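Q: Below are the structure tokens for one structure; questions will follow.
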Amino acid sequence: MHTNYHDNLCSNYELVIIGGGCSGLSLASSLCRLATQPEHVPRTLIIEPRSCYTDDRSWCFWEAGVNAGQTDQKSADLVARSWQAWQFSSGSERHLQSSASGWKYHYVPAIRFYDQMEKQIARNQNITLLKGTHVMDVNPADHHIEVVFESGPSGAINEPRKVAAKQIVDTRIPKNVDVSSALLKQVFFGFEVNLDGPHQLDDVARVMEDMRVDDEGFMFDYVLPLNRNSLLVEFTRFSGKSLPPESLRNDALKSVRRVCGDLEFQVVREEFGVIPMGLSSHVLSTDPRWIHTGLGVGAARPSTGYAFKRIQRWAERCAKGVLCDGTGRGFQPDSGLLMWMDRVFLRAIAGNPAIAPQLFMSLARDVSPDSLLRFLTDRPSPRDLIAVMLALPKLPLIRCALAELYARMRTANRIQSWHAFL
Ligand SMILES: Cc1cc2nc3c(=O)[nH]c(=O)nc-3n(C[C@H](O)[C@H](O)[C@H](O)COP(=O)(O)OP(=O)(O)OC[C@H]3O[C@@H](n4cnc5c(N)ncnc54)[C@H](O)[C@@H]3O)c2cc1C
């Protein structure tokens with residue numbers, strides 16, 4: 001394995017990837033997959049602080065089926081479980097959906113992803129994955145970018161090392177991005193549990209179960225029946241405030257107890273996180289050789305927090321750029337209309353969390369599953385967009401649309417006056 005190759009490091013790399021998480025490993029994997037010959041992959045170093053990967057999360061996403069002609073072999077190898085039906089519920093109302101053209105909701109356990117990526121990278125002599133190491137500094141110079149890093153446990157006295165890179169792809173949250181400034185934060189805490197007996201749930205992914213509101217805002221459960229005797233149950237809040245995920249542990253346990261009913265359960269795994277929804281900052285790289293990507297620069301869809309498939313699409317595009325003309329690509333922004341709709345939607349929930357269940361339930365009730373899925377996975381047709389707009393309650397959204405327009409005009413005016421001033 002080309003891991004922890006501390007003594008065999010070169011002094012120069014064509015590409016240094018900072019962070020061997022979802023984005024970094026996906027890029028390396030796309031480079032391996034898309035290169036016509038393994039030796040065509042540029043000499044690449046991935047620097048990752050973790051010394052070993054654990055099953056720290058699960059990635060779920062919708063994907064079009066064979067009928068829609070978009071099955072992705074790479075995802076198929078990673079997927080451990082798929083559902084053909086999914087459900088939204090609030091109070092006594094529930095909407096069970098499935099797709100006419102074969103869309104499925106897929107589940108990828110992180111450890112399967114990390115294992116496969118590591119194996120694929122290890123087969124390519126040109127890529128080194130350096131684990132247990134974190135980047136301390138990045139210094140652009142005229143002919144290269146210097147990357148300073150340190151191996152070993154943080155706090156120990158370790159000698160910093162340096163390599164020179166032609167370009168870097170940086171997957172850390174950039175220093176000038178303030179996650180707490182996101183309109184909403186999706187905060188969640190979940191448990192994978194084994195049950196003492198079979199549960200009675202249908203084979204349906206409950207993607208937004210029991211949407212409800214309390215003094216702290218909008219919340220729901222997320223319930224995946226992994227098999228007859230095991231479940232993933234997460235408790236999620238959309239919060240304007242920055243909440244530590246740990247503060248949701250008890251609520252998550254209550255959700256597990258509610259879902260399991262009389263069955264005894266054992267917790268086999270925990271997962272938690274905070275996903276920024278509607279980050280206002282844009283990272284304009286001052287150096288084209290230093291590409292920022294990942295959650296801090298728009299990897300997550302603002303209105304849903306889903307990021308995995310978007311990261312796969314970016315990785316493929318970036319790898320093609322590296323292989324074709326030697327230049328990586330940053331994250332492509334969503335279309336102006338989609339961004340605007342997402343911000344109006346988030347603004348409506350942030351301003352009045354009580355409306356959130358009604359907004360999501362209207363979409364589930366009044367938009368056809370295929371249209372809704374194309375919208376949620378960033379590929380809506382004009383017809384899908386109209387269907388989404390027509391389904392949503394008008395008055396609160398018009399108010400938020402005007403507020404968003406006003407906010408945009410103020411930002412544009414501020415930028416103009418700065419330009420005039422400069
Ligand atoms: C628990 C959890 C569940 C999620 N579930 C879903 C889901 O179901 N569907 C979905 O679409 N999205 C999901 N997401 C959102 C998103 O897909 C993930 O957060 C994804 O991992 C983001 O990829 P990334 O590369 O931006 O960040 P990461 O995967 O976190 O990678 C960033 C990497 O940078 C490394 N790093 C940090 N500091 C340094 C340093 N100084 N030097 C070098 N490296 C450094 C980190 O160790 C990390 O490996 C989930 C997120 C979490 C946290």
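FYI, it's all coordinate maths here, none of it is from the lab. Just so it is clear, the model here is predicted, and its values are computed rather than measured. Please note: Cβ atoms are built from the backbone with ideal geometry, for glycine as well, and neighbour counts cover all protein chains shown.
Q: Tell me the label-point distance for the pair Ser181, Ser101, using the 7 Å Cα-to-Cβ offset, in nm and rounded to one decimal.
A: Placing both labels 7 Å beyond Cα along the Cβ direction yields 3.8 nm.
Q: Of the listed peptides 122-132, 12-22, what is their order by residue-averaged count of other C-beta atoms within 10 Å, with the highest listed first?
A: 12-22, 122-132
Q: Once label points are set 7 Å from the Cα along Cα→Cβ at both Ala407 and Gln116, what is their separation, rounded to one decimal in nm?
A: Simple spin-label model gives 3.7 nm for this pair.
Q: Mind putting a number on the dipole of the chain about its Cα centre? Charges go on the C-beta only, +1 for Lys and Arg and -1 for Asp and Glu, and I need it in Debye to the nearest 20.
A: Values: 47 positive and 46 negative charges, 214 e Å.
In total the dipole reaches around 1020 debye.
Q: Helix 110-122: angle to the longest alpha-carbon principal axis of the chain, degrees 0 to 90, nearest 10?
A: 20 degrees
Q: Under 14 Å from the Cβ of Val213, count the other residues' Cβ atoms, weight Lys and Arg +1, Asp and Glu -1, and hand me the total.
A: Here the charged neighbours net out to -4.
Q: Could you pull out which residues in region 184-207 have an amide N less than 13 Å from a spot 7 Å beyond the Cα of Arg94, following the Cα-Cβ vector?
A: 200-207
Q: If you rank Val268, Val207 by fewest surrounding Cβ atoms within 10 Å, what's the result?
A: Details: Val268 12, Val207 23.
Result, fewest neighbours first: Val268, Val207.
Q: Then there's this: Note down the net charge around Cys60, summing +1 for each Lys or Arg and -1 for each Asp or Glu among other residues with Cβ under 12 Å from its Cβ. Provide the component values of the computation, followed by the final result.
A: On the way: positive: Arg57, Arg81, Lys104, Arg206, Lys309; negative: Glu63, Glu234, Glu271.
Around Cys60, the surrounding residues sum to +2.
Q: Taking the Cα atoms only, what angle lies between the long axis of helix 336-351 and the longest principal axis of the chain, rounded to 10 degrees?
A: With rounding to tens, the tilt is 60 degrees.
Q: Moving on to the next point. Please arrange Ile46, Ile291, Ile398 by counting, for each residue, the other beta carbons lying within 10 Å of its beta carbon, fewest first.
A: Going from sparsest to densest Cβ surroundings: Ile398, Ile291, Ile46.
Q: Karplus couplings for region 226-242 from phi (6.51 cos²θ - 1.76 cosθ + 1.60, θ = phi - 60°), rounded to Hz, Gly and Pro as x?
A: Couplings: 6, 7, 4, 10, 8, 9, 10, 10, 10, 10, 10, 10, 9, 10, x, 7, 8 Hz.
Q: Suppose only helical runs count, i.e. DSSP H with n ≥ 4. What mean residue ellipticity at 222 nm does that imply for the chain under -39500 (n - 2.57) per run, divided by all residues and rounded to the nearest 500 deg cm²/dmol?
A: Counting only the DSSP helices, I get -10000 deg cm²/dmol.
Q: Still on this structure, please answer the following. Using the C-alpha atoms of region 97-172, what convex hull volume per residue, in cubic angstrom, is computed?
A: On the way: hull volume 15.1 nm³, N = 76.
Taking the convex hull of the Cα positions in region 97-172, it is 199 Å³ per residue.
Q: Would you mind checking the tilt of helix 249-260 against the longest principal axis of the Cα atoms of the chain, expressed as 0 to 90 degrees and rounded to 10?
A: 50 degrees
Q: Can you tally the net charge around Ile145? Count Lys and Arg as +1, Asp and Glu as -1, for every other residue whose Cβ sits under 9 Å from the Cβ of Ile145.
A: Spelling it out: positives minus negatives among the neighbours equals 0.
Q: Separate question: Can you give the convex hull volume of the alpha carbon atoms of the chain per residue, in Å³?
A: Normalising the Cα hull of the chain by residue number yields 169 Å³.
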